[in-house]
Amino acid sequence: MAIIDELRTPLYFAAGAADLAAQQAKKVPGLIEQLAADAPARIEAVRNTDTKAVQEKAQAKFAEFVGGLDTDLKKLGEQAQDLALRGVGVAAEYAVKAREKYEELAAHGEETVKAWRGEVAEEITEIAVVVEPDPEPAAEAKAEEPQAEPEAKKAAPARKTSTRKAPAKKAAAAETAE
C-alpha cells in the first residue's frame, strides 16, 4: 500500500496543478484586455522619457558602486562566508515552503479528483438506471416456482454449461424458437 500512496501524491499534485492552471487560464483574456488598454499610455511615457538623463543616472550609480567596493580581501572573505551561510538558510527555508506548497497542491488535486470521480459516478449511475432492467420481476419469478422442481433438478444428471456467450444471431434465433 505504501507504493500506491507514494504514487498517488504526485498524481494528485499534477491534478491540482492542472486544475489551478485551468483556473488561472480563465483569467488571461481579461488581463490581455487590460494590457491592451494600458499599452498606449505606457508607450507614450517611454517616448517622452529623456534617455540622456537616464544614462547619466545609471553611470553615476555605477561609479558610486565601484568606488564603494572594499578592497580588503579578509573582509570580502568573511562577507562571502556570511552570504554562503545565509544562502543555505534561505535555500532550506524555500525547500520547506516548496514542500508545503507541494502538499497543498496534492490536497487540492485529491479534492479535484474526487469531484471528477463524483461527476463521472453520477453519470454512470444515471446511465445504469436507464440501461439495466428492474431486477425485482426476476426475483418474483423465482419465488413463484413450485418447490417440486428443485427435487427434479437434483435427480437429473448435472450438465456442464459453457460460459461462452452465443453470437447475437444464434441467441436471437434461440429466443424466437422458445
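The values are calculated or read from the model by the stated rules, or taken from the named source; none is laboratory data. Quick caveat: nothing in here was measured; it's all calculated off a predicted structure. Positions of Cβ are generated from backbone atoms using ideal geometry, with glycine treated the same way; all protein chains shown enter the neighbour counts.
Using beta carbons and a limit of 9 Å, which pairs, at least six apart or on different chains, have the first residue in region 97-110 and in contact (Cβ under 8 Å) with a residue 40 or more places away in the chain and the second one in a helix (DSSP H, G or I) and among the basic types (Lys, Arg)?
Taking only residues 6 or more apart or on different chains, the pairs are ALA106/ARG8; GLU110/ARG8.
With a cut-off of at least 1 residues that are under 30 Å from TRP116 (Cα atoms) and not small (Gly, Ala, Ser), name the helices (runs of 4 or more DSSP H) lying wholly within region 1-74. Break it down stepwise before answering.
Values: elements: 2-25, 28-47, 51-68.
Passing ranges, in order: 2-25, 28-47.
Identify the residue in region 21-62 that is of a type in the set (Val, Ile, Thr) and modelled with pLDDT of 85 or more and, among all such residues, is nearest to ALA106 (Cα to Cα). It would help to see each step written out before you state the result.
Within region 21-62, the first condition is being of a type in the set (Val, Ile, Thr), and the residues that meet it are 28, 32, 43, 46, 49, 51, 54.
Those left that are additionally modelled with pLDDT of 85 or more: 28, 32, 43.
Working: VAL28: 24, ILE32: 30, ILE43: 42 Å.
Once the filter is applied, the top-ranked residue is VAL28.
State yes or no: is LYS101 of a type in the set (Lys, Arg), surrounded by 10 or more Cβ atoms within 10 Å (Cβ to Cβ) and under 30 Å from THR9 (Cβ atoms)?
Numbers: of a type in the set (Lys, Arg): yes; surrounded by 10 or more Cβ atoms within 10 Å (Cβ to Cβ): yes; under 30 Å from THR9 (Cβ atoms): yes.
Judged against the criteria, LYS101 is a match.
Consider PRO146 against the criteria (1) assigned to a helix (DSSP H, G or I); (2) at pLDDT below 60; (3) of a type outside the set (D, E, K, R); (4) over 28 Å from LEU11 (Cα atoms): it satisfies all of them except one. Which criterion is unmet?
It is condition (1) that PRO146 fails.
Look through region 22-42, keep the residues that are of a type in the set (A, V, I, L, M) and surrounded by 10 or more Cβ atoms within 10 Å (Cβ to Cβ), and return whichever of them is nearest to GLU100 (Cα to Cα).
Step by step, filter region 22-42, then rank; the result is ALA22.
Scan GLY68, GLY77 and give me the residue that is surrounded by 10 or more Cβ atoms within 10 Å (Cβ to Cβ) and modelled with pLDDT under 85.
Details: GLY68 fails: surrounded by 10 or more Cβ atoms within 10 Å (Cβ to Cβ).
Checking each option against the conditions leaves just GLY77.
Taking the condition acidic (Asp, Glu) and loosely packed, with under 10 Cβ neighbours inside 10 Å, does ASP50 pass?
On the way: acidic (Asp, Glu): yes; loosely packed, with under 10 Cβ neighbours inside 10 Å: yes.
For ASP50, the condition - acidic (Asp, Glu) and loosely packed, with under 10 Cβ neighbours inside 10 Å - is met.
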